[in-house]
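Reading through the structure tokens given below for one structure.
The values are calculated or read from the model by the stated rules, or taken from the named source; none is laboratory data. Quantities reported herein were computed from a predicted structural model and do not represent experimental measurements. Every residue, glycine as well, gets a Cβ built from its backbone with ideal geometry; the counts of neighbours run over all protein chains shown. Surface accessibility is based on the protein's heavy atoms, side chains included, excluding ligands, DNA and RNA. Shrake-Rupley method; radii C 1.70, N 1.55, O 1.52, S 1.80 Å.
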Amino acid sequence: MRSIDSNAIFMVDYETDTSVVREYVTTIDYDRLLNDERNGTIRIMNQIRIGNSSTEKA
């Protein structure tokens, strides 16, 4: 079983057949967007991991 960092936040720009969308999503929602891209319903144009809620210090 793989571990999922569900605390990460992504900024994602993607294109549907009628519009361009910018969303801030969790890892789980980002995985759903990747699946939609594989299925051909959207095209991800840009994605950036912008942070997480981890309390671990460097």
ask   = What is the sum of charges around GLY40, taking Lys and Arg as +1, Asp and Glu as -1, for the other residues whose C-beta is under 14 Å from the C-beta of GLY40?
value = -2
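Once the Cβ-Cβ distance between THR18 and ARG49 is put in as r, and R0 is 22 Å, what FRET efficiency do you end up with, to the nearest 0.05? Working shown, then result.
Numbers: r = 27 Å, r/R0 = 1.24.
Efficiency, rounded to the nearest 0.05: 0.20.
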ask   = If Lys and Arg each add +1 and Asp and Glu each add -1, what is the summed charge of the other residues whose beta carbon sits under 13 Å from the beta carbon of GLU15?
value = -3
inquiry  = Using protein chains only and a probe of 1.4 angstrom, how many square angstrom of ARG32 are accessible, to the nearest 10?
reply    = 140 Å²
